[in-house]
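Novice: I have a structure here, written as C-alpha coordinates, and I will follow up with some questions on it.
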Amino acid sequence: MTAAAYESCPVTRILRGMGDKWSPAVIRVLAEHPHGFNELDRAIEGISRRMLTRTLRSLEDQGFVDRTPQPTHASVPPRVEYTLTPLGHSLREQIRTLALWASAPR
(Lines give C-alpha, C1' and ligand atoms only; values in the text may rest on other atoms or scores of the structure.)
Protein backbone atom coordinates (compact mmCIF):
# COMPACT_ATOMS: atom_id res chain seq x y z
CA MET A 1 0.00 0.00 0.00
CA THR A 2 1.33 3.41 -0.89
CA ALA A 3 1.54 6.20 1.66
CA ALA A 4 -1.00 8.22 -0.35
CA ALA A 5 -3.44 5.30 -0.40
CA TYR A 6 -2.99 4.80 3.34
CA GLU A 7 -3.60 8.48 4.07
CA SER A 8 -6.72 8.61 1.90
CA CYS A 9 -8.19 5.38 3.30
CA PRO A 10 -11.49 6.00 5.14
CA VAL A 11 -10.56 3.39 7.77
CA THR A 12 -7.34 5.28 8.54
CA ARG A 13 -9.34 8.49 8.98
CA ILE A 14 -11.82 6.85 11.38
CA LEU A 15 -9.13 5.12 13.42
CA ARG A 16 -7.22 8.38 13.79
CA GLY A 17 -10.35 10.11 15.02
CA MET A 18 -11.34 7.28 17.36
CA GLY A 19 -7.89 6.01 18.30
CA ASP A 20 -7.45 8.32 21.25
CA LYS A 21 -8.13 7.26 24.81
CA TRP A 22 -11.34 9.19 25.42
CA SER A 23 -13.49 9.16 22.26
CA PRO A 24 -14.84 5.61 22.76
CA ALA A 25 -15.70 6.44 26.38
CA VAL A 26 -17.59 9.60 25.39
CA ILE A 27 -19.48 7.71 22.69
CA ARG A 28 -20.37 4.92 25.13
CA VAL A 29 -21.75 7.39 27.69
CA LEU A 30 -23.68 9.41 25.09
CA ALA A 31 -25.21 6.20 23.71
CA GLU A 32 -27.16 5.93 26.98
CA HIS A 33 -28.86 9.33 26.61
CA PRO A 34 -27.96 13.00 25.98
CA HIS A 35 -25.69 14.58 28.58
CA GLY A 36 -24.61 18.06 29.56
CA PHE A 37 -20.91 18.86 29.85
CA ASN A 38 -20.80 18.49 33.65
CA GLU A 39 -22.71 15.20 33.48
CA LEU A 40 -20.14 13.85 31.03
CA ASP A 41 -17.32 15.09 33.22
CA ARG A 42 -18.75 13.19 36.19
CA ALA A 43 -19.55 10.06 34.15
CA ILE A 44 -16.05 9.59 32.68
CA GLU A 45 -13.55 9.00 35.44
CA GLY A 46 -10.09 10.43 34.90
CA ILE A 47 -10.78 12.78 31.98
CA SER A 48 -9.77 16.40 32.46
CA ARG A 49 -12.23 19.13 31.54
CA ARG A 50 -9.80 20.36 28.87
CA MET A 51 -9.53 16.90 27.30
CA LEU A 52 -13.30 16.44 27.45
CA THR A 53 -13.73 19.74 25.59
CA ARG A 54 -11.18 18.71 22.93
CA THR A 55 -12.74 15.26 22.53
CA LEU A 56 -16.27 16.64 22.19
CA ARG A 57 -15.11 19.18 19.59
CA SER A 58 -13.35 16.48 17.61
CA LEU A 59 -16.37 14.15 17.70
CA GLU A 60 -18.61 17.04 16.67
CA ASP A 61 -16.28 17.95 13.78
CA GLN A 62 -16.38 14.33 12.59
CA GLY A 63 -20.19 14.28 12.69
CA PHE A 64 -20.57 11.79 15.57
CA VAL A 65 -21.89 14.22 18.19
CA ASP A 66 -24.36 17.10 18.10
CA ARG A 67 -23.96 20.06 20.45
CA THR A 68 -27.20 21.87 21.25
CA PRO A 69 -27.32 25.00 23.44
CA GLN A 70 -30.34 24.91 25.74
CA PRO A 71 -32.39 28.02 26.49
CA THR A 72 -31.77 29.42 29.97
CA HIS A 73 -32.75 32.40 32.08
CA ALA A 74 -30.47 35.40 32.42
CA SER A 75 -29.40 34.35 35.93
CA VAL A 76 -28.60 30.74 34.92
CA PRO A 77 -25.34 29.83 33.16
CA PRO A 78 -25.83 28.55 29.62
CA ARG A 79 -26.30 24.80 29.30
CA VAL A 80 -25.23 22.71 26.33
CA GLU A 81 -26.52 19.22 25.64
CA TYR A 82 -24.48 16.65 23.73
CA THR A 83 -26.14 13.81 21.82
CA LEU A 84 -24.97 11.15 19.41
CA THR A 85 -25.93 11.70 15.79
CA PRO A 86 -27.23 8.76 13.74
CA LEU A 87 -23.65 8.37 12.50
CA GLY A 88 -22.46 8.31 16.12
CA HIS A 89 -24.98 5.59 16.99
CA SER A 90 -23.83 3.51 14.04
CA LEU A 91 -20.21 3.95 15.18
CA ARG A 92 -21.23 2.85 18.68
CA GLU A 93 -22.48 -0.42 17.22
CA GLN A 94 -19.13 -0.96 15.47
CA ILE A 95 -17.24 -0.20 18.70
CA ARG A 96 -19.47 -2.70 20.53
CA THR A 97 -18.69 -5.35 17.91
CA LEU A 98 -14.96 -4.64 18.20
CA ALA A 99 -15.19 -4.89 22.01
CA LEU A 100 -16.90 -8.29 21.76
CA TRP A 101 -14.23 -9.50 19.34
CA ALA A 102 -11.40 -8.18 21.56
CA SER A 103 -12.78 -9.81 24.70
CA ALA A 104 -13.47 -13.22 23.12
CA PRO A 105 -11.35 -16.10 24.45
CA ARG A 106 -8.34 -16.86 22.27
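Novice: Take Asp66, Asp61 and sort them by solvent-accessible surface of the protein heavy atoms, 1.4 Å probe, largest at the top.
Specialist: Asp61, Asp66
Novice: In whole Hz, with x marking every Gly and Pro, tabulate ³J(HN,Hα) for segment 15-20 from phi via Karplus 6.51 cos²θ - 1.76 cosθ + 1.60, θ = phi - 60°.
Specialist: Residue by residue, segment 15-20 yields 5, 5, x, 9, x, 7 Hz.
Novice: Further question: Output ³J(HN,Hα) for segment 62-74: one whole-Hz value per residue in order, computed from phi by the Karplus curve 6.51 cos²θ - 1.76 cosθ + 1.60 with θ = phi - 60°, and x for Gly and Pro.
Specialist: Karplus values, whole Hz, x for Gly and Pro: 7, x, 8, 10, 9, 10, 10, x, 9, x, 9, 7, 4.
Novice: Mind grabbing the accessible area of Thr97 for me, 1.4 Å probe, Å², rounded to tens?
Specialist: My reading of the accessible area for Thr97 is about 80 Å².
Novice: Let me ask something else about it. List, largest first, the extents of the alpha carbons of the chain along their principal axes, each in whole Å.
Specialist: 57, 36, 26
Novice: For helix 86-103, report the angle its Cα long axis makes with the longest principal axis of the Cα atoms of the chain; keep it between 0 and 90° and round to the nearest 10°.
Specialist: Approximately 50 degrees, to the nearest ten.
Novice: While we're here: If you put +1 on each Lys and Arg Cβ and -1 on each Asp and Glu Cβ, how big is the dipole of the chain around its Cα centre, in Debye rounded to 20?
Specialist: That gives the chain a dipole magnitude of about 240 debye.
Novice: Then there's this: Whole number in Å², please: accessible area per residue of the chain, 1.4 Å probe, ligands, DNA and RNA not counted.
Specialist: 69
Novice: Report, in degrees rounded to the nearest 10, the 0 to 90 angle that the Cα long axis of helix 23-32 makes with the longest principal axis of the chain.
Specialist: Once rounded, the angle reads 60 degrees.
Novice: Residues of segment 70-93 with the amide nitrogen closer than 19 Å to a label point 7 Å from the Cα of Thr12, along Cα-to-Cβ, please.
Specialist: Within reach of a label on Thr12, which here means backbone N under 19 Å from a point 7 Å along Cα→Cβ, segment 70-93 contributes nothing.
Novice: Report the FRET efficiency, 1/(1 + (r/R0)^6), for Glu32 and Leu98, where r is their Cβ-Cβ distance and R0 is 22 Å, rounded to 0.05.
Specialist: Working: r = 19 Å, r/R0 = 0.85.
Efficiency, rounded to the nearest 0.05: 0.75.
The values are calculated or read from the model by the stated rules, or taken from the named source; none is laboratory data. Because the structure is predicted, anything quoted here is derived from the model rather than measured. Note that each Cβ is placed from the backbone with ideal geometry, even for glycine, and that neighbours are counted across all protein chains shown. The area values use the complete protein model at the heavy-atom level, side chains included, leaving out ligands, DNA and RNA. Shrake-Rupley method; radii C 1.70, N 1.55, O 1.52, S 1.80 Å.
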